[in-house]
Amino acid sequence: MKYLSLLFILSLISITWINFINIKIIEINNGYKLEKIIENICEGYVISYIFYIICIYYPEKNDRKFILPWISKKIEFIINGNNNLVEEILSSNNINNSNLIKLEYPNGASWKNYLKNINPKGKTNQKKMQLLIGGIKYNNVTKQSEIWSFYLMRNKENTNERINDLLSNSKYIDGNLLRILLEMKDSLFLKDNWGFNSNSFNKMDLSEFSLVFENYFKLIKNLSIYYNKIK
């Protein structure tokens with residue numbers, strides 16, 4: 001936008017110089033014709049710039065004011081949903097989950113150990129939790145247990161849905177967020193009909209997918225860092 005505005009100013013100066021100043025820019029044969037060509041180009045640019053400002057730039061700027069909170073909320077949903085998954089895995093291993101507040105996710109060796117204790121056909125823990133609905137906090141809500149394979153698939157679907165919502169409005173998001181979302185989209189963790197996201201998956205634990213979990217939650221960490229900068 002800065003360079004477009006600079007060209008607009010230079011065009012106005014050129015038009016003013018050609019029409020109102022006796023000292024001409026060009027003193028060569030056919031100088032008048034060349035000046036007329038320059039004037040026409042500058043006038044065309046000035047008209048295009050004004051059209052862009054009125055019809056594109058300011059409407060998009062106003063739209064961005066309304067859509068940025070929506071983008072922020074979608075990012076928050078993605079982070080919270082995936083953090084809940086990590087908390088569930090740690091809880092199943094009797095591990096304190098306070099490190100998530102500091103954005104410290106398990107490392108490769110820890111992932112492997114924790115995932116050994118996750119049976120895809122087993123159930124998640126039933127526990128008391130805090131629920132946020134419409135800005136109102138409800139304490140000690142019972143989270144019912146569910147099959148791990150279903151929980152993982154549901155988390156994948158919810159995350160993919162929100163990523164797709166954000167990507168459908170990509171003109172309002174910056175390059176850093178776009179890169180993170182595309183890398184998440186390409187992650188094996190969110191791939192349909194692959195590994196633990198497949199209906200035919202029959203392994204007794206998830207330890208062989210420790211690298212997939214580690215790489216995916218590095219992206220969630222990057223997304224959390226991005227979110228903390230913009231909120």
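Numbers below:
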quantity	calculated
Residue in segment 42-69 that is farthest from SER11 (Cα to Cα), counting only those that are of a type in the set (Val, Ile, Thr) and in contact (Cβ under 8 Å) with a residue 12 or more places away in the chain	ILE67
Residues that are under 43 Å from the mean Cα position of the chain (by Cα) and modelled with pLDDT under 75, drawn from segment 1-42	MET1
Complete set of residues in segment 179-231 that are of a type outside the set (A, V, I, L, M, F, W, C), touching a Phe, Trp or Tyr at 6+ places or on another chain (Cβ under 7 Å) and in contact (Cβ under 8 Å) with a residue 24 or more places away in the chain	SER187, SER210, GLU214, TYR216, LYS221
Residue in segment 89-112 that is among the β-branched types (Val, Ile, Thr) and at pLDDT 85 or above present	yes
PHE189, sole failed condition from (1) part of a helix (DSSP H, G or I); (2) aromatic (Phe, Trp, Tyr); (3) in contact with a Ser or Thr (Cβ under 8 Å, 6 or more places away or on another chain)	(3)
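The values are calculated or read from the model by the stated rules, or taken from the named source; none is laboratory data. Note that the structure is a prediction, hence the values are computed from the model and not measured. Positions of Cβ are backbone-derived with ideal geometry, glycine not excepted, and every protein chain shown enters the neighbour counts.
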